Amino acid sequence: MTLSLHGTGVSRGIAIGRAHVIERGRLDIPEYHIDKGQTAAETRRLVDAVSQAKQQLRAIRTHIPAAAAPDIAPFIDTHLLMLDDAVLTQEPQRLIEAAGYNAEWALQLQRDALVHVFDEMEDPYLRTRKNDIDHVVNRIQRILLKQKPLRHEEPDSRLSGYVLIADDLTPADTVLMQHHGIVAFVTEYGGPTSHTAILARSLIIPALVGLHEAGRYVREDDRVIVDGNAGVILVDPDEHSLRYYRQRQQQDKDYYAGLMRLKEAPATTLDQVPVRLQANVELPQDFEIAREVGAAGVGLYRTEFLYMNREAPPQEEEHYDTYLSVLDTLAGLPLTIRTMDLGADKQANGRRQGAAAQANPALGLRAVRLCLKQPAMFRTQLRAILRASAHGNVRLMIPMLSNMQETWQVLELVDETKAALRAQGIDFDADIPVGAMIEVPAAAVCADIFAGQLDFLSIGTNDLIQYTLAIDRVDDEVSYLYEPLHPAVLRLIRMTLDAGAKAGIPVAMCGEMAGDSKFTQLLLGLGLREFSVHPAYLLEVKKNILESRLDRLTAAADAALLAASAVEIEKLLEEL
Ligand code: PEP
Ligand code: MG
């Protein structure tokens, strides 16, 4: 019988395939006591499991194909090193021998103790390492409990054409998805603007998040249909549904082929107002796609990916080489490099749960706050960006600024870095534009002050909505309240656009709202002339721009700003 389950669609499209269910988090860890005479055998059981875990990881490592992302190997090495670390394995052995605990439980107690130590750590980067402990412990416990190894971690698994079903995804999972040719994914947690969702959109496959208990209802190898538009998954679909969705797949294909014809057309409204349409980019392959869809440049390069799945943050040369290769792909198009925005939903390593160490990670030490707290790491990136600016059209963009002190500190660090490069005779663009993301309501309200000190602004609606409406962007329980059309959000957008216009500096929008074609006309009406969107959505936004007439839209946007609710604004948009 066909079962339909509902979540939040975060990446559009239809996929039909078999399910691969990752059941990492659902281990029931038994607790029982071992007789005195049996503790040596129990210890051996643990030691054997650790050695099997190592074998599994070594096998994965040797099978990594040359074309895989370069960060898979260090990710696996970290886990191998942990398996060799006495801290992880000796205390459980002592617990087995002294207290007579079973191996699984002894390991669990040590896991809890280690996680507690990590939680207490000042350094947020190190704090995220506890996710590695969870992954490694989980691997050993699966072996102790005689569970099968995770299929997607086996490089030889035949998962091409499969749909991944998981509680949540690690960055490594996302990379492995690519490696296997996974055609869609469904997670139990996460909201539409969680980093997982954004990263997965880069893979241009349909995706749903917030589908609670998905793993309970979908079994390995079940046939499933994923409808990323409607946020629905059909399990064990009947012939009629299969026929319908195959037809829809073909229609989508035709629609996108039609959009490709707009690639060369200048993004101009019917009344001849030019609009800049740039791309948001994250994974290396995004740059190529940005060019393929005719983006006017990159309005947001999220550099967090460089920091993920690895032991130490990247050094200057790695940053520099990456930026040069990106500039090379862009062949003269402008590149806006956003400095590292780790923390909250973007952990350097591991799973979303890692963020739970802080009571309110989204309000904590993230993005520029983290950079200013760790200036050495920040300088490394600034030096690389400045050096890259000698070789192309580079802009420097700072995330999460909330006050001018931070802004002045950043500008001072940029000046210091320039002076150091100058003293070393290293080339850079002395006039590199420095801009801010406006994603904290305080910054939007004071956008005029920011605009007076910076060369450009870019509205990050993902965070701006989160902070304005007090909605955790990764919490699916409250995602129904995450409302881009809330009048407060629109007013902050208008304030920012007005402030930029008054100061004579460009204001772009790079949050997901800019890429949602439902909002294109409203945003044009509010005065937005620079959109930065995921390349997959760029041509659809362009189509809307080509069909828009600004005089009508300006009046509608003014009315929207006076509306009492999102529902009213939605009605206004429908009439357009
Ligand atoms: C945003 O907040 O809108 C944004 C573009 O940044 P990120 O999604 O990377 O936080
Ligand atoms: Mg943001």
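Of the residues screened, LYS518 is one that is closer than 26 Å to ILE205 by Cα and surrounded by fewer than 16 Cβ atoms within 10 Å (Cβ to Cβ).
Taking segment 459-476 only, how many residues are among the hydrophobic types (A, V, I, L, M, F, W, C), farther than 15 Å from PRO361 by Cβ and more than 9 Å from ligand 1 (Cβ to nearest atom)? Full working, then the answer.
First, the residues of segment 459-476 that are among the hydrophobic types (A, V, I, L, M, F, W, C): 459, 464-465, 469-471, 474.
Now restrict to residues that are farther than 15 Å from PRO361 by Cβ: 459, 464-465, 469.
From what is left, the residues that are more than 9 Å from ligand 1 (Cβ to nearest atom) are 469.
Final tally of qualifying residues: 1.
If you go through segment 546-564 one residue at a time, how many are open to solvent by less than 80 Å² (accessible area, probe 1.4 Å) and part of a loop (DSSP other than H, G, I, E, B)? Walk me through how you get there before you give the answer.
Let us first name the residues in segment 546-564 that are open to solvent by less than 80 Å² (accessible area, probe 1.4 Å), namely 546, 548, 550, 553-561, 563.
From the residues that got through so far, the ones that are part of a loop (DSSP other than H, G, I, E, B) too are 548, 563.
So the count comes out to 2.
Quick check on VAL394: is it away from ligand 1 (no atom under 16 Å from the Cβ), β-branched (Val, Ile, Thr) and open to solvent by less than 30 Å² (accessible area, probe 1.4 Å)? Walk me through how you get there before you give the answer.
Numbers: away from ligand 1 (no atom under 16 Å from the Cβ): yes; β-branched (Val, Ile, Thr): yes; open to solvent by less than 30 Å² (accessible area, probe 1.4 Å): yes.
Answer is yes for this residue.
Looking at this structure, is MET404 within 16 Å of ligand 1 (Cβ to nearest atom), of a type in the set (A, V, I, L, M, F, W, C) and modelled with pLDDT of 95 or more?
Values: within 16 Å of ligand 1 (Cβ to nearest atom): no; of a type in the set (A, V, I, L, M, F, W, C): yes; modelled with pLDDT of 95 or more: yes.
No.
Taking GLU288 as the residue in question, decide whether it is out of contact with any His (no Cβ under 8 Å at 6 or more places or on another chain), open to solvent by 10 Å² or more (accessible area, probe 1.4 Å) and either modelled with pLDDT under 95 or within 13 Å of ligand 1 (Cβ to nearest atom) (or both). Answer is yes for this residue.
Does THR520 count as polar (S, T, N, Q), assigned to a helix (DSSP H, G or I) and either closer than 13 Å to GLY460 by Cα or within 16 Å of ligand 2 (Cβ to nearest atom) (or both)? Even if it seems obvious, please write down each step before you answer.
Values: polar (S, T, N, Q): yes; assigned to a helix (DSSP H, G or I): yes; either closer than 13 Å to GLY460 by Cα or within 16 Å of ligand 2 (Cβ to nearest atom) (or both): no.
No: the conditions fail for THR520.
Scanning for something within 16 Å of ligand 1 (Cβ to nearest atom), hydroxyl-bearing (Ser, Thr, Tyr) and in contact (Cβ under 8 Å) with a residue 60 or more places away in the chain, does segment 534-545 turn up at least one residue? Can you show your working first?
Of segment 534-545, the ones within 16 Å of ligand 1 (Cβ to nearest atom) are 534-538, 541.
From what is left, the residues that are hydroxyl-bearing (Ser, Thr, Tyr) are 537.
From what's left, in contact (Cβ under 8 Å) with a residue 60 or more places away in the chain: none.
No: segment 534-545 contains no residue that is within 16 Å of ligand 1 (Cβ to nearest atom), hydroxyl-bearing (Ser, Thr, Tyr) and in contact (Cβ under 8 Å) with a residue 60 or more places away in the chain.
Evaluating GLY527 against the criteria (1) touching a residue at least 60 places away in the same chain (Cβ under 8 Å); (2) over 23 Å from GLY228 (Cβ atoms); (3) touching a helix residue (DSSP H, G or I) at 6+ places or on another chain (Cβ under 8 Å); (4) surrounded by fewer than 23 Cβ atoms within 10 Å (Cβ to Cβ) leaves one unmet condition, (1). Going through (1) modelled with pLDDT of 95 or more; (2) away from ligand 1 (no atom under 16 Å from the Cβ) one by one, ALA279 falls short only on (2). If you go through segment 240-272 and pick out every residue that is surrounded by 15 or more Cβ atoms within 10 Å (Cβ to Cβ) and not in a helix (DSSP H, G or I), you end up with 3.
Under the condition of being open to solvent by 30 Å² or more (accessible area, probe 1.4 Å) and within 16 Å of ligand 2 (Cβ to nearest atom), the residues counted in segment 476-505 number 1.
Go over the candidates ILE493, ILE449, ILE465, ILE505 one by one and state the one that is within 26 Å of GLY527 (Cβ to Cβ) and part of a loop (DSSP other than H, G, I, E, B). ILE505 is the lone residue from the list that is within 26 Å of GLY527 (Cβ to Cβ) and part of a loop (DSSP other than H, G, I, E, B). The sole residue among GLN424, GLN381 that is under 21 Å from LEU457 (Cβ atoms) and not basic (Lys, Arg) is GLN381. For segment 1-45, the candidate set comprises residues that are in a strand (DSSP E or B) and polar (S, T, N, Q); within that set, the residue that is nearest to ALA106 (Cα to Cα) is THR8.
Among LEU469, LEU464, which is among the hydrophobic types (A, V, I, L, M, F, W, C), farther than 20 Å from ARG395 by Cα and within 13 Å of ligand 2 (Cβ to nearest atom)?
LEU464
The values are calculated or read from the model by the stated rules, or taken from the named source; none is laboratory data. Only a predicted model underlies this, so the values are computations on that prediction, with no experimental measurement involved. No Cβ is skipped: glycine too gets one built from the backbone with ideal geometry, and neighbour counts run over all protein chains shown. Quick note on the areas: whole protein, heavy atoms, side chains included, nothing else; ligands and nucleic acids left out. Shrake-Rupley method; radii C 1.70, N 1.55, O 1.52, S 1.80 Å.
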